[in-house]
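For reference, the structure discussed in these notes is given below.
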Amino acid sequence: MRIIIVEDEPKTKEGLIKIINKFTNYEICGVASDGLEGIKRIKELKPDLIISDIQMPGMDGLTMLRQLEQEGISCYALILTGYSSFDYARTALHLGVVDYILKPVDIKNFISVLRKTEAKILKENSEKINTAQLIWSLMTCEPDRKEQLIRQLSNQLQVDDRMEVTLFLVKPDSLDQETAGEMTHCIKDKLGALGIRNFHVVHLSFSYGILVLIIDTENNKFLKKMFSVHILPCLNEIGSCYCSYASLWELAGLENVIARLKGLLSYTFVYGSEIILDQEMVEQLEFAPIRYPLDLENRIRKEIMNGNYEKALKISEKFKKMIIESKGRPELIREYTARFSSGIYNVAKEYDIKSEPLLIFHYFINNMIESKTKDDLILNYEKIVNTILNGTDAEIDVDNSTVLKVINFIRDNYSKNITLSEAANLVGVTPEYLSKLFNEKINVNFVVFLRNFRISIAKRMILSGKYQIQEVAEQVGFKDPKYFSKVFKSVCGISPSEYRKVI
């Protein structure tokens, strides 16, 4: 618990500091000698608790608390009082005052009051709607509720119309909630270490990511560079992620800014994952017109049919330079690459060329369509090309078909109760060995792959609008809808019903 002491008598102030330091683990984050100085320190440091004398020269303690209340700054306070002002103290309990402490201070009683106050603060804070919930409500509510939610959020974050709010949206590439949690913790640590005080970090969902709000600092114009230099590289050490940036005055229209931040992330394909994207950068982009090279597809199909793999490889390289490495629109580059790869896939399948690995090609083509960067797209494109044309891709050569057969089995049976032992039996290996193969070859274990595959199917079903949540749960292999919702939230960060509203 972080405490500010507002007291004009030096001996009383020093005595309180000694007691707190000796008998508790609480942090005294600031001191002030009157109410005016107290207000300044409270706004700057945002303590959990204020301990203030009532009677002080200049601005007294109650005037200070009253002014904080008028400015919409909620706080918890303990007041110090002598017997002569005891009745006066009791009238102040509506100003955020939790309790009073009589002078001279009795150590045992003082510590007891501090402990009770901490318990009260923790209990009340746990019952309050948190920032993430308020933002979700703002993004999904009816229009007539937006104004009320903005007021509530502004009060909770202590933002007024004279304050600039800087926002970063960080989108982890991983589905796992643990990665998002680790990134959230990293952002908080780094911002604190950089001396940024008034900030909030909330994990909205897998589809949106982690929202960072930094409120009215003197360093606003340097925040993007600071985030880029000191925070984004640390996040990329945890896992690959993408980041966008914007700012606004007050919080009106916050939901629209968050939607724009999400839209900006699609341009990671152009700039790469190590750049923080903003609206100005996107507006400066100029895309070159590109057309699907049907002649290259026909040529590569012909060379594959004739067994001229060396010529086919040269054609595939030409496609990469002409389309993937072009300055065309990201959505067209992804679409054309998936289409060209499917053409290679289909002719190889038709002529039974390296047919065994083709079971997994749909997996890589889907990755192309969803790729966030050109590097991701090229990686998946080359997996298909190299496997068919020269067989050099070791990652796809997954113990010659063991993992491929299991993935195909999952694709056909995900609605049923599938176990690791059953899948291992199918391909004649031990469960331990199969789990190891999954980790080595596709970087996730069997259980995580099965879970993510089911949730991926579930997301498509939810977005179609044709199914109830219970129907979705049953069709992707969950007998208990409550357990399905729990797993869905652990992967995506939000419940299935919230996903339906927001996406």
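Please state the relative contact order of the chain as a whole percent: Cα pairs under 8 Å, 6+ residues apart?
After rounding, I find 9 percent.
In straight Cα distance, which aspartates and glutamates are under 14 Å from K383, not counting same-chain residues fewer than 8 positions off?
Output for K383: E317, D375, D393, E395, D397.
Find how much the distance from D173 to L285 grows on full extension, using 0.36 nm per residue of separation minus their present alpha carbon separation; answer in nm with one decimal.
37.9 nm
Give the calculated FRET efficiency between K311 and D160 to the nearest 0.05, with a Förster radius of 60 Å applied to their Cβ-Cβ distance.
That pair, K311 with D160, gives E of 0.30.
List the trypsin sites (Lys or Arg not before Pro) within the stretch 442-472 that DSSP assigns to loop and that have no more than 11 neighbouring Cβ atoms inside 10 Å.
When the trypsin sites (Lys or Arg not before Pro) of the stretch 442-472 are filtered for loop state and at most 11 Cβ neighbours within 10 Å, K466 remain.
Output the 0 to 90 degree angle, nearest 10, between the alpha-carbon long axis of helix 107-127 and the longest principal axis computed from the alpha carbons of the chain.
Between the helix axis and the principal axis of the chain, the angle is about 40 degrees.
Taking 0.36 nm per intervening residue step and subtracting the Cα-Cα distance, what contour gain separates E250 from T131 on full extension?
Here the segment from E250 to T131 would lengthen by 41.3 nm.
Go through (i) 23.8; (ii) 27.1; (iii) 22.7 and flag the label whose value is the computed Kirkwood radius over Cα pairs in Å for this structure.
Given (i) 23.8; (ii) 27.1; (iii) 22.7, the structure-derived one carries the label (ii).
Picking from F488, N21, L78, whose Cα lies most toward the positive end of the charge dipole for the chain (charges on Cβ: Lys, Arg +1; Asp, Glu -1)?
F488
Would you work out the relative contact order for the stretch 171-323, in percent, from Cα pairs under 8 angstrom that are 6 or more residues apart?
So the answer I get is 18 percent.
What accessible area per residue, rounded to a whole number of Å², is obtained for the chain using a probe radius of 1.4 Å?
51 Å²
Once both axes come from the Cα atoms, what is the angle between helix 254-264 and the longest principal axis of the chain, in degrees from 0 to 90, rounded to 10?
Once rounded, the angle reads 30 degrees.
Would you work out if the stretch 120-271 is rounded, prolate or oblate? Take a ≥ b ≥ c from the square roots of the eigenvalues of the alpha-carbon gyration tensor; rounded if a/c is under 1.5, else prolate when a/b is larger than b/c, oblate otherwise.
It comes out rounded by the Cα gyration axes.
Nearest 500 deg cm²/dmol is fine: what mean residue ellipticity at 222 nm does the chain get from its DSSP H runs of n ≥ 4 alone, each adding -39,500 (n - 2.57), divided by its residue count?
Result for the chain, helices only: -16500 deg cm²/dmol.
Nearest 5 percent is fine: what portion of the DSSP beta bridges confined to the chain is antiparallel?
Approximately 50 percent, going by the DSSP bridge assignments.
Using DSSP to define loop residues, name the GluC sites (Glu not before Pro) in the stretch 196-298 whose beta-carbon has at most 11 other beta-carbon atoms within 10 Å.
Within the stretch 196-298, the qualifying GluC sites (Glu not before Pro) (loop, at most 11 other Cβ atoms within 10 Å) are E218, E286.
If I take R0 = 51 Å and measure r between the Cβ atoms of A259 and N408 in this structure, what FRET efficiency does the formula 1/(1 + (r/R0)^6) give, to the nearest 0.05?
Efficiency computed from Cβ-Cβ geometry: 0.85.
Greater than 22 Å separation of Cα atoms is the criterion. Which listed pairs, K262/K482; K146/K501; K314/K374; K146/K188; K190/K489; K43/K224, meet it?
From the list (K262/K482; K146/K501; K314/K374; K146/K188; K190/K489; K43/K224), the Cα-Cα distance tops 22 Å for K262/K482; K146/K188; K190/K489; K43/K224.
Using a 1.4 Å probe on the protein chains only, how many percent of the accessible area of the chain belongs to carbon and sulfur?
Reported share for carbon and sulfur atoms: 48 percent.
Between the helical axis of 35-45 and the dominant principal axis of the chain, each derived from Cα atoms, what acute angle in degrees is found, rounded to the nearest 10?
Here the helix axis deviates by roughly 20 degrees.
The stretch 146-208: which trypsin sites (Lys or Arg not before Pro) are DSSP loop and have at most 10 other beta-carbon atoms within 10 angstrom?
Sparse-neighbourhood loop trypsin sites (Lys or Arg not before Pro): R162.
Once label points are set 7 Å from the Cα along Cα→Cβ at both S495 and K120, what is their separation, rounded to one decimal in nm?
That separation, rounded to one decimal, is 3.3 nm.
Tell me the relative contact order for the stretch 446-503 as a rounded percent, counting alpha carbon contacts under 8 Å between residues six or more apart.
The value is 28 percent.
Quick one: if the Förster radius is 22 Å, what FRET efficiency do N109 and E14 give, using the C-beta to C-beta distance and rounding to 0.05?
About 0.70, to the nearest 0.05.
Give me the extension gain from R329 to E142: residue separation times 0.36 nm, minus the current Cα-Cα distance, reported in nm with one decimal.
Difference between extended and current length: 63.9 nm.
The values are calculated or read from the model by the stated rules, or taken from the named source; none is laboratory data. Please read these numbers as outputs of a predicted model, since none were measured by experiment. Don't worry about glycine lacking a Cβ; one is built from the backbone with ideal geometry, like all the others, and counts go over all protein chains shown. Areas reflect the complete protein model, heavy atoms only, side chains present, ligands, DNA and RNA absent. Shrake-Rupley method; radii C 1.70, N 1.55, O 1.52, S 1.80 Å.
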